[in-house]
Amino acid sequence: MAKDLPPSGPRHVAVIMDGNGRWAQQRGKPRLFGHHAGAKRVREIVEACPEIGVKYLTIFAFSTENWKRTQTEVAGLMSLFRRYIQREAQDMLRRGVRVRFIGDRIKLDHKLVRLMDDLELLTAENDRVHLTIAINYGGRDEVTRATKRLAYDIEQGKLTHKDVDAETIGKYLDTHVLPDPDLVIRTSGEARISNFLLWQSAYAEYEFIDTLWPDFSDTEFKKIVGQYAGRDRRFGAVKA
Ligand code: IPE
Ligand code: IPE
Ligand code: MG
């Protein structure tokens, strides 16, 4: 009987890494100092995944709304992404991390897109943990792009409106190869999802925690993941 089964942990955890700016501000430093500190936390969280059964980790690095920030901050973040990929690529390959990127690449600079493509290719055979990094990602933008491609395929006669169901839509999303997230964690005390994985998180559990992202540790991550196992996920049904 299902209720006698041991509680199972989340297979896919998504994280809204928020609070870098405030972390830097508290130290009287520029916001980019916080972003650099934040980037350093990622490896520890990725490494914690296999031992607690998390196969998929998806992290929000830059949203479609983040272009509204100052040119200095945006350029600094883009340069951080480039350097991060260059620095971490070989190590990710060795540690069995399969890296994917979601989001619209059209607005990103060519050098960054090349590094992203190369890293996806380099780690394509890895299977220890699947890390997805969302850059220039927005849930509404993703659904809009998916809908455009779907409409185009209908125009081309590849399918008809009768073929469109939730599964079909899922196939057109950036996340088409990933399972839906079971748990979404947001750091920094804000209780909103800021356009992250809107479609995919329909039945995710949420954890909003006060810790600023650069202070987030593997210990706290493991604790949250452990608590998830105790939650009763009913998916709209009634359990005896
Ligand atoms: C999250 O930290 C990182 C990005 C959005 C790129 P923030 O930069 O949003 O930090 P706060 O929210 O201003 O503290
Ligand atoms: C969400 O954080 C985006 C990322 C973590 C990349 P924001 O700081 O941009 O979100 P808002 O502005 O507080 O909603
Ligand atoms: Mg923020």
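The values are calculated or read from the model by the stated rules, or taken from the named source; none is laboratory data. As the structure is a computational prediction, the values presented were derived from the model and not from experiment. Glycine gets a Cβ as well: all are built from the backbone with ideal geometry, and neighbour counts include every protein chain shown. All accessible areas refer to the heavy atoms of the entire protein, side chains included, with ligands and DNA or RNA removed. Shrake-Rupley method; radii C 1.70, N 1.55, O 1.52, S 1.80 Å.
Find the residue count for the stretch 56-68, including only residues that are surrounded by 16 or more Cβ atoms within 10 Å (Cβ to Cβ) and either touching a strand residue (DSSP E or B) at 6+ places or on another chain (Cβ under 7 Å) or of a type in the set (D, E, K, R) (or both).
Going residue by residue through the stretch 56-68, those that are surrounded by 16 or more Cβ atoms within 10 Å (Cβ to Cβ) are 56-64, 66.
Imposing the further condition that a residue be either touching a strand residue (DSSP E or B) at 6+ places or on another chain (Cβ under 7 Å) or of a type in the set (D, E, K, R) (or both) reduces the set to 56-64.
Of the residues in that region, 9 qualify.
From the list ARG87, ARG43, ARG83, which residue is closer than 23 Å to LEU183 by Cα and not in a loop (DSSP other than H, G, I, E, B)?
Values: ARG87 fails: closer than 23 Å to LEU183 by Cα; ARG83 fails: closer than 23 Å to LEU183 by Cα.
Of ARG87, ARG43, ARG83, the one residue that is closer than 23 Å to LEU183 by Cα and not in a loop (DSSP other than H, G, I, E, B) is ARG43.
Counting only residues that are outside any helix (DSSP H, G or I) and among the aliphatic types (A, V, I, L, M), which one in the stretch 90-118 is farthest from GLY138 (Cα to Cα)?
VAL97
Do we have any residue at all in the stretch 50-60 that's within 14 Å of ligand 1 (Cβ to nearest atom) and not small (Gly, Ala, Ser)?
As a first pass, look at the stretch 50-60 and keep what is within 14 Å of ligand 1 (Cβ to nearest atom): 59-60.
Keeping just the survivors that are not small (Gly, Ala, Ser) gives 59-60.
Checked the stretch 50-60: at least one residue is within 14 Å of ligand 1 (Cβ to nearest atom) and not small (Gly, Ala, Ser).
Identify the residue in the stretch 25-52 that is free of Cβ contacts under 8 Å to residues at least 60 places away in the same chain and open to solvent by less than 60 Å² (accessible area, probe 1.4 Å) and, among all such residues, is nearest to ligand 2 (Cβ to nearest atom).
The qualifying residue nearest to ligand 2 (Cβ to nearest atom) is HIS35.
Any residue in the stretch 229-237 that is open to solvent by 30 Å² or more (accessible area, probe 1.4 Å), away from ligand 2 (no atom under 14 Å from the Cβ), without any contact (Cβ under 8 Å) to a residue 12 or more places away in the chain and of a type in the set (Lys, Arg)?
yes
Which residue pairs have Cβ atoms under 7 Å apart, sit 6 or more places apart or on different chains, and have a first residue in the stretch 131-152 that is touching a residue at least 60 places away in the same chain (Cβ under 8 Å) and a second that is in a strand (DSSP E or B) and of a type in the set (S, T, N, Q)?
If the second residue must be in a strand (DSSP E or B) and of a type in the set (S, T, N, Q), the pairs left are THR132/THR58; ALA134/THR58; TYR137/SER63; GLY138/SER63.
Have a look at LEU131, LEU159 and point out the one that is open to solvent by less than 50 Å² (accessible area, probe 1.4 Å) and closer than 24 Å to LEU108 by Cα.
LEU131
Can you spot a residue in the stretch 57-68 that is more than 24 Å from VAL13 (Cβ to Cβ) and without any contact (Cβ under 8 Å) to a residue 40 or more places away in the chain?
Step one: list which residues in the stretch 57-68 are more than 24 Å from VAL13 (Cβ to Cβ), which gives 67-68.
Narrowing the set further to residues that are without any contact (Cβ under 8 Å) to a residue 40 or more places away in the chain leaves 68.
Within the stretch 57-68, one or more residues are more than 24 Å from VAL13 (Cβ to Cβ) and without any contact (Cβ under 8 Å) to a residue 40 or more places away in the chain.
Condition first: away from ligand 3 (no atom under 16 Å from the Cβ) and either open to solvent by 30 Å² or more (accessible area, probe 1.4 Å) or free of Cβ contacts under 8 Å to residues at least 12 places away in the same chain (or both). Now tell me which residues in the stretch 183-206 satisfy that.
LEU198, TRP199, ALA202, TYR203, GLU205, TYR206 - these are the residues of the stretch 183-206 that are away from ligand 3 (no atom under 16 Å from the Cβ) and either open to solvent by 30 Å² or more (accessible area, probe 1.4 Å) or free of Cβ contacts under 8 Å to residues at least 12 places away in the same chain (or both).
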